[in-house]
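Take a look at the structure below.
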Amino acid sequence: MAHEVFDRVEALIKDIEQATATTPEAVEAFRIRYLGTKNVLKPLMGEMRNIPNEQKRDFGQLVNRAKEVAQAKFDALQAATAAQAGADAGAKFDLSAPAEPLPLGSRHPIALTMRRIISIFERIGFTVAEGPEVEDDWHNFSAMNTPEDHPARDMQDTFYVAAGMPAGPDNADMLLRTHTSSVQARTMENQQPPIRIIAPGRVYRNETISARSHAQFHQVEGLYIAEKVSFADMKATLLHFAREMYGDKTKIRLRPSYFPFTEPSAEMDIWWGLESEHDHRITKGTGWLEILGCGMVDPQVLINCGIDPEKYTGYAFGMGIERQAMLLYNITDIRLMFENDVRFLKQFAGVL
Ligand code: DAH
């Protein structure tokens, strides 16, 4: 009889030792069965009164051993499942995996085009010059051989700015520059030849906004003044620019034109071709596209800016940036450039 109870405890110890539990739920079931308030070892203590006195001590020790084995087993099972849970979590968060890339911005097509133009001229010795966007009448017009009553002022509808006063004919000295040619005057006033600069920047004209024109846009101005600078020098430089910009087979053509600050003056076209319907449309069926205005700096401009026209000659040119950006990137509406819709801008991601 007593033997039988000893055997039951031994069997329980064996069960406990062999128990397995791989989930937290199974570990908890083990705990309830062997260590909980109603665990299977408890009723054994009630058997004590049936055990002969000389065996009571042994029996008590055996039951205690069963409890210890159960506790040790529970600890081991719990540690094992916790380690497994940790390993699972580790798989979900692989700390060695590469991080999500940070979203990068993109360069604006105007900035891209501007940088390209600047770098072409920088490589042949031009340096960048800058001037203010809010300009006075002298640098924008008068110094550039366009006095007040000059009909050429009508070519460029000007936004006048008057500090604290409505703009008007009596108060028209300050304006938003209509072209980057104003930087020519500022540079020549401060520097004697040789002068070889390009001046990129924003300009403003009071124009109706449409798909093709805007009241704000960008230009790059060029100016080279030294001894014996010729029209042929200008043509060679502009041909170099056109080929760097549009490909080394690009053809150019210079058409006579008029600008108050140059004499003679010309407009330069590049041969775009007539392959597609789009080519026909943008070249108005001619195959040629106008890219810039240029000419030999008028001696009167040199005099206005303190440079001796007997000693020095020079050429100048000016070009719009938006139009070239539209050509380079197939953009059909200039307004897209100023709306800053990210769906438009992000298409230039990665373009250098
Ligand atoms: N300033 C002129 C414009 O805004 C462009 C231009 C033409 C600039 C001829 C020049 C030049 O320097 O020589 O349309």
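The values are calculated or read from the model by the stated rules, or taken from the named source; none is laboratory data. Owing to the predicted nature of the structure, the values given are computational and were not obtained by experimental measurement. All Cβ positions, glycine included, derive from the backbone under ideal geometry; neighbour counts span all protein chains shown. Side chains included, ligands, DNA and RNA excluded: accessible areas come from the protein's heavy atoms. Shrake-Rupley method; radii C 1.70, N 1.55, O 1.52, S 1.80 Å.
For this structure, a couple of remarks:
- Anisotropy class of region 2-91 from Cα gyration tensor, a/c 1.5 cut: prolate
- Here is the list for region 264-352: trypsin sites (Lys or Arg not before Pro) lying in DSSP coil, each with at most 11 other C-beta atoms within 10 angstrom of its C-beta, are LYS284.
- Cβ-placed point charges (K, R +1; D, E -1), dipole of region 2-91 about Cα centre in debye, nearest 20: 320
- Region 109-348: antiparallel DSSP beta bridges as a percent of all, rounded to 5: 95
- Rounded accessible area per residue of the chain, 1.4 Å, Å²: 56
- The mean sequence distance of close C-alpha pairs (under 8 Å, at least 6 residues apart), as a share of the length of the chain, puts its relative contact order at 16 percent.
- Legend: residue pairs LYS251/LYS311; LYS14/LYS42; LYS235/LYS284; LYS92/LYS346; LYS284/LYS346, Cα-Cα distance threshold 22 Å; pairs beyond threshold, LYS251/LYS311; LYS235/LYS284; LYS92/LYS346; LYS284/LYS346.
- Sulfur and carbon atoms: percent of accessible area, the chain [1.4 Å]: 53
- Between VAL297, VAL342, GLY318, the Cα set farthest toward the positive side of the dipole of region 297-352 (charges on each charged residue's Cβ, about the Cα centre) is that of VAL342.
- Counting only Cβ charges, +1 for Lys and Arg and -1 for Asp and Glu, the dipole size of region 109-348 around its Cα centre is about 1060 debye.
- Projecting the Cα atoms of SER142, GLN18, THR127 onto the charge dipole of the chain (Cβ charges, centred on the Cα centre) puts GLN18 farthest toward the positive pole.
- Semi-axes of the equivalent ellipsoid for the chain, computed as √(5λ) from the eigenvalues of its C-alpha gyration tensor and ordered from largest down, come to 93, 22, 19 Å.
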